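J.: Before I ask anything, here is the structure I am working with.
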Amino acid sequence: MVIKNDKEEIQSFLTDASNFKGECDAVYFPENAEEVKEILIRTLAENKRVTVAGNGTGLTGARVPKEGIVISTEKLNRIIEINEKEFYAFVEPGVILSDLQGRLDELNLFYPPDPTETNCFIGGTVAANASGAKTFKYGPTRNYIAELEIILPDGETLNLKRGFVKADGLKLSLKSESGKEYNLMLPDFKMPDVKNASGFFIKPDMDAIDLFIGSEGSLGVITKIKLKLLAKPGAIISCVVFFEDENRGLDFIEEGRTVSFKNKNQENKIEARALEYFDDNSLRFLAPDFPNIPEGAKAAVWFEQEAGEENEDELLEQWIEIIQKCGGNEELVWFAVNEKDREDIHKFRHAISLKVNEYIARNNYRKLGTDVAVPDDQFREFFFWCGKTVRDENIDYVAYGHFGNSHIHLNMLPDSQDKFEKGKYLYKKICQKAVELKGTISAEHGVGKIKADYLIEMYGEEVVRQMGRVKKVFDPQLILGIGNVVREDLL
Ligand SMILES: Cc1cc2nc3c(=O)[nH]c(=O)nc-3n(C[C@H](O)[C@H](O)[C@H](O)COP(=O)(O)OP(=O)(O)OC[C@H]3O[C@@H](n4cnc5c(N)ncnc54)[C@H](O)[C@@H]3O)c2cc1C
């Protein structure tokens, strides 16, 4: 097994896409589950700390070590099996999402989870319960995870199959492959009724596998994953619609959402699979790279619709009606007529996230990008409140994201330390407001280290301590992913 401890060589493991910084002694590159087990047993014996790394595209500092060693999953990168008849795949965690998507595409298969950054590892997406544009129709990664192999901090192996081990109310008992038992009492709280990736997934009578999905490398190391697959949809209608007024853009989001929910799974009726928004600032931020953004546009919505050859025109007609009803200019719509156009639209969506990350890295600030979601009926007012709150402090920002899910990425672009400090305060204020409206502090990126304080704002200290107790059942010596999800002083 390769082990690196040269400072230069391990530098990239000391940060992630949030620009959060850390320290470690060495990075281990296991090539199979047995080697992961050996590392954990040795680390436990030496009482060192260990952090699991995916591909470092996370936005919460979750894969960034504070000390000890890192387990890189990059050599656990085999696609073990793709079963075309029974619609599943077995993969190791270090498989790059876009590589898997490419393989599946050739086989006319489809795996819906699609975080905007597809250079992530499948293991990272499971550990973060990642979402993306298609989550609007298909839900988060969780919905496509059928089985997990997990190596616990004590070196024991858990094999969890969906539907096989369930909690009895809030009591959950698990058995490792060697027969070791883990008995835990799940925290007693209710998750908000919005898209949510804040803290451990907990529900009475829940499936045990769901505790590990979204646990952000704090309960065990995922070494094998069985994914559920779907048949590839026939054709995809992909459009970006521009509006001269933000309220019109939001009308389109609301109308598209309402119609999609009403028409769910009905043939020949429109149902968006993605419904994404760009505010006025985002369009101006992107304009130097996309000079074809129409002049006077103050908002844009990108939507995708699945279709077959036989009903493509009919579905497009239905969308045009909504565009007209909401005051979009149908002459200025970007309409993808082939695969290349569709990729260009994806690049446009990806560019906004990427440019924000480049800005913060260039100016050496930590990312101040919200990942909050609120109930649909609160969203419009919340969106305008967030913008005003940041503008009042003269901080530049862009606001965009998964508005179909009432989920906003408002990214502040501070240009001085003073504004960065103010931005941190505003970030907290926005999280508090989202919680007040019965929403979440993180709808998809997770909590990691950066948002551990806000998780306490959301659920209260006692619930977070209870999450810590769940962790301690698997990791009593506190060696794995310390500081992720549960703040260290609450463990
Ligand atoms: C431009 C850009 C756009 C993005 N857009 C989205 C988006 O739309 N939706 C979204 O959800 N996210 C988005 N992200 C965030 C990121 O891509 C996802 O969180 C992704 O799931 C992280 O995967 P990774 O392999 O890079 O994981 P890392 O960042 O390396 O790690 C993430 C977490 O997973 C844990 N982990 C990794 N592998 C394992 C394993 N095998 N076992 C246990 N724990 C493990 C780590 O310890 C850490 O806690 C975006 C990021 C960027 C840079």
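No lab work stands behind these numbers, since they all come straight from the coordinates. Note that the coordinates shown come from a computational prediction; the quantities given were computed from them, not determined experimentally. Counting neighbours? That spans all protein chains shown, and the Cβs are built from the backbone with ideal geometry, glycine included.
J.: Which entries in 180/428; 171/226; 4/367; 66/161; 4/472; 161/264 show an alpha-carbon gap greater than 31 Å? Please list the in-between numbers first.
T.: On the way: 180/428 42 Å; 171/226 26 Å; 4/367 28 Å; 66/161 33 Å; 4/472 29 Å; 161/264 28 Å.
Checking Cα-Cα distances, 180/428; 66/161 exceed 31 Å.
J.: Dividing the convex hull volume of the Cα atoms of the range 426-491 by its residue count, what figure in Å³ per residue is obtained? Provide the component values of the computation, followed by the final result.
T.: Values: hull volume 5.5 nm³, N = 66.
Roughly 83 Å³ of hull volume per residue.
J.: 7 Å from Cα along Cα→Cβ at both residue 416 and residue 245: what's the point-to-point distance in nm?
T.: Label-label distance for residue 416 and residue 245, simple model: 3.7 nm.
J.: Here's something else I'd like to know. Once you list every other residue whose beta carbon is under 11 Å from the beta carbon of residue 113, what net charge do they have if Lys and Arg are +1 and Asp and Glu are -1? If you can, show how the numbers build up before the last one.
T.: Working: positive: 134, 142, 228; negative: 114, 444.
The answer is +1.
J.: In debye to the nearest 20, how big a dipole does the range 8-103 give about its Cα centre with +1 on each Lys and Arg Cβ and -1 on each Asp and Glu Cβ? Walk me through the numbers before you get to the answer.
T.: Values: 11 positive and 17 negative charges, 57 e Å.
Here the range 8-103 has a charge dipole of around 280 debye.
J.: Want the number for residue 203 to residue 143: 0.36 nm per residue separation, take away the alpha-carbon distance, what's left?
T.: Details: separation 60, 0.36 × 60 = 21.60 nm, distance 1.53 nm.
Length gained, residue 203 through residue 143: 20.1 nm.
J.: Also, quick follow-up: Can you compute 3J(HN,Hα) from phi for each residue in the range 483-490, using the Karplus curve 6.51 cos²θ - 1.76 cosθ + 1.60 with θ = phi - 60°, rounded to whole Hz and x for Gly and Pro?
T.: x, 7, 6, 9, 4, 4, 5, 9
J.: Run the numbers on the chain and let me know its relative contact order in percent, using alpha-carbon pairs under 8 Å that are six or more apart. If you can, show how the numbers build up before the last one.
T.: Details: 1088 pairs, mean separation 87.8, N = 491.
Taking the mean separation of contacting Cα pairs over the length of the chain, I get 18 percent.
J.: Skipping prolines and chain starts, which residues have an amide H placed within reach, meaning under 5 Å, of the one on residue 145, given they are 5 or more residues away or on another chain?
T.: 228
J.: Less than 12 Å from a label point 7 Å out along the Cα-to-Cβ axis of residue 25: which backbone N atoms in the range 53-97 qualify, by residue?
T.: The answer is 67-70.
J.: Follow-up question, since we're still on this one. Identify the trypsin sites (Lys or Arg not before Pro) of the range 170-272 meeting these criteria: DSSP loop state and at most 11 other C-beta atoms within 10 Å of the C-beta. Walk me through the numbers on the way to the answer.
T.: Numbers: sites: 171, 175, 180, 190, 195, 224, 226, 228, 248, 257, 262, 264, 269; in loops: 180, 190, 195, 264, 269.
For trypsin sites (Lys or Arg not before Pro) across the range 170-272 that sit outside H, G, I, E and B with at most 11 neighbouring Cβ atoms in 10 Å, the list reads 190, 264.
J.: Relative to the longest principal axis of the chain, what angle (0 to 90°, nearest 10) does the C-alpha long axis of helix 33-45 take?
T.: With both axes taken from Cα atoms, the answer is about 60 degrees.
J.: Among 218, 197, 159, whose Cα lies farthest out toward the positive end of the dipole of the range 159-225, if unit charges sit on the beta carbon of Lys, Arg (+1) and Asp, Glu (-1)?
T.: It is 159, whose Cα lies furthest towards the positive end.
J.: While we're here: With the calculation restricted to Cα positions, what are the radius of gyration and Dmax of the range 298-421 in angstrom?
T.: Over the range 298-421's Cα set, Rg and Dmax evaluate to 17.6, 58 Å.
J.: So how do 396-407, 270-281, 71-82 stack up, highest first, on mean other-Cβ count within 10 Å? Before the final figure, lay out each step's value.
T.: Working: 396-407: 25.3, 270-281: 23.2, 71-82: 18.3.
Output ranking for 396-407, 270-281, 71-82: 396-407, 270-281, 71-82.
J.: Tell me which of 437, 473, 373 sits at the most positive position along the dipole axis of the range 371-491, charges placed on C-beta atoms (Lys, Arg +1; Asp, Glu -1).
T.: Looking along the dipole axis, the top candidate is 473.
J.: What ³J(HN,Hα) values, in whole Hz, does the Karplus curve 6.51 cos²θ - 1.76 cosθ + 1.60 give for the range 326-333 when θ = phi - 60°, with x put for Gly and Pro?
T.: Listing the rounded values in order: 9, x, x, 8, 5, 6, 9, 6 Hz.
J.: Classify the range 217-363: rounded, prolate or oblate, from the alpha-carbon gyration tensor (a ≥ b ≥ c, eigenvalue square roots; a/c under 1.5 rounded; otherwise prolate if a/b is larger than b/c)? Don't skip to the end; give the middle numbers.
T.: Working: a/c = 1.76, a/b = 1.03, b/c = 1.71.
Oblate, because a/c is 1.5 or more while a/b does not exceed b/c.
J.: Another question, then. In debye, nearest 20, what is the charge dipole magnitude of the range 79-230 about its Cα centre with +1 on Lys and Arg Cβ and -1 on Asp and Glu Cβ, if you could check?
T.: Values: 17 positive and 22 negative charges, 85 e Å.
So the dipole magnitude of the range 79-230 works out to roughly 400 debye.
J.: Continuing with the same structure: At what distance in angstrom do the alpha carbon centres of the range 252-272 and the range 142-164 lie from each other?
T.: 35 Å
J.: Of 208, 351, 100, which is farthest along the charge dipole of the chain in the positive direction, counting Lys and Arg as +1 and Asp and Glu as -1 at C-beta?
T.: 208
J.: How big is the charge dipole of the chain about its Cα centre, in debye rounded to the nearest 20, if each Lys and Arg gets +1 on its Cβ and each Asp and Glu gets -1 on its Cβ? Let's see the in-between values first.
T.: On the way: 63 positive and 83 negative charges, 338 e Å.
For this selection, approximately 1620 debye.
J.: What's the local net charge at residue 279, with K and R +1, D and E -1, over the other residues with C-beta under 11 Å away?
T.: Net local charge, residue 279 excluded: 0.
J.: Same structure, new question: Mind ordering 118-128, 141-151 by average Cβ neighbours within 10 Å, highest first?
T.: On the way: 118-128: 26.2, 141-151: 21.6.
Order by mean packing, descending: 118-128, 141-151.
J.: If you add up the charges near residue 169, with Lys and Arg at +1 and Asp and Glu at -1, over every other residue whose beta carbon is less than 13 angstrom from its beta carbon, what do you get? Each step should come with its number before you reach the end.
T.: Working: positive: 166, 171, 203; negative: 168, 188, 205.
Overall, the nearby charge balance is 0.
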